[in-house]
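One structure is given here, and the rest of the page talks about it.
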Amino acid sequence: MTLTIHVIIAQAISDKIPLISSDQKFKLYTSQGLDFVFNKR
């Protein structure tokens with residue numbers, strides 16, 4: 001993963017805001033506190 005993606009994930013976790021994406025890989029970060037919402041295309 002690129003640095004930009006890590007920054008987006010870290011920001012979403014620290015601000016306690018949901019990250020909405022159609023990419024399933026973000027599901028891996030829910031155990032670290034990411035509020036992930038899957039968006040079907």
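Per residue, the accessible area of the chain comes to 78 Å² when a 1.4 Å probe rolls over the protein heavy atoms. Label-to-label distance, Val7 versus Lys40, with points set 7 angstrom from Cα along the beta-carbon direction: 3.4 nm. Distances between placed amide hydrogens fall under 5 Å for Asp35 paired with Leu19, all partners being 5 or more residues away or on another chain. At 1.4 Å probe size, with the rest of the protein present, what percent of the exposed accessible area of the chain is carbon and sulfur atoms? Using a 1.4 Å probe with all protein chains present, the chain comes out at 57 percent carbon and sulfur.
The values are calculated or read from the model by the stated rules, or taken from the named source; none is laboratory data. What you see is a predicted model; the values in this text were computed from it and never measured. As a convention, Cβ positions derive from the backbone with ideal geometry for all residues, glycine included, and neighbour counts pool all protein chains shown. Note: accessible area is taken over every heavy atom of the protein model, side chains too, but ligands, DNA and RNA are not part of it. Shrake-Rupley method; radii C 1.70, N 1.55, O 1.52, S 1.80 Å.
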